[in-house]
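Only one structure is covered here, and it is reproduced in the block below.
Quick note: the coordinates plus some simple rules give every number you see, no bench work behind them. Quick caveat, the model's predicted, so the values are computed rather than measured. Every residue, glycine among them, receives a Cβ derived from its backbone with ideal geometry; neighbour counts consider all protein chains shown.
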Amino acid sequence: MADGELDEDSFLAAVDRVEYDPPVSTGEIDDDDARMLRRRDCFRRFADLFATAAAKLDFVQSITLFGSVAAPLEKEIPRHARLRRACVEIWHECKDIDLAIWVSDLTRLRELKRVVSDTSNLWQTIAHAEHLPGIPHHQVDVFIMEPGSDRYRGHLCHFGQCPKGKPECAVAGCGAQPLLRLYADFAFNPRAPFGPHAVVLFARNPPLPSSV
């Protein structure tokens, strides 16, 4: 066998790699980049639809979009096995919508939860008509904030009833205020909703007095 030539077993293994795990093409990278941008843009549209509906609730004082959906996307090696093995970078995959919502009445969280559900249903109709990805309600993270102090109070719970009887409900203090969820070992960054890329979607002026 001449120097540099493959033996039969090595040649067949190389053929298998090309057949079953072909090199990542420029077209594949472009498609994944476009998919990540479309996903981010869909999340932003959803946030705008939600804010328009939630602003009609008089106890909602302000709504801010923050996190990866609000910020410019950055390139990263994704979790997808093929691209990760090839160390190919694509745009960051936004996984959920982070919304900080200042409310003056914690006893009316079910109304806010209904807006999340209604917006999810509306988006389903839009997504079907425009061939866009769906956005289930559990991809909407609502951080409940206290007007005046900007204190984080908890998350709007994804469960339909409170308590649900799930292990998550056993966290100390979770559900003391119905539908206000607390997470174990969760540390909220109080600066996050005020970051340079945060977007104020709605602000009531003047704000109502807080009763939380």
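Remarks
- Each residue of segment 169-175 is assigned a 3J(HN,Hα), and the resulting list reads 6, 7, 4, 4, x, 5, x Hz, derived from the Karplus form 6.51 cos²θ - 1.76 cosθ + 1.60 (θ = phi - 60°), x at Gly and Pro.
- For segment 146-163, backbone phi angles converted through the Karplus equation (6.51, -1.76, 1.60; θ = phi - 60°) give residue-by-residue couplings of 9, x, x, 8, 6, 7, 6, 9, x, 9, 5, 5, 7, 6, x, 10, 9, x Hz, Gly and Pro being listed as x.
- Label separation (residue 150 vs residue 38): 3.8 nm, computed from points 7 Å beyond Cα along the C-beta direction.
- Using the Karplus relation 6.51 cos²θ - 1.76 cosθ + 1.60 with θ = phi - 60°, the per-residue 3J(HN,Hα) values for segment 191-198 come to 8, 4, x, 10, x, x, 9, 4 Hz, with x marking Gly and Pro.
- A Cα-only calculation for segment 24-203 places Rg and Dmax at 17.6, 53 Å.
- For residue 145, distant residues with modelled amide H under 5 Å away: 101, 102, 103, 153
- Amide H contacts under 5 Å for residue 202, placed H, 5+ residues apart: 63
- Base-10 log of normalised Debye intensity for segment 107-181 (one unit scatterer per alpha-carbon) at q = 0.12, 0.14, 0.22, 0.24 Å⁻¹: -0.40, -0.53, -0.99, -1.09
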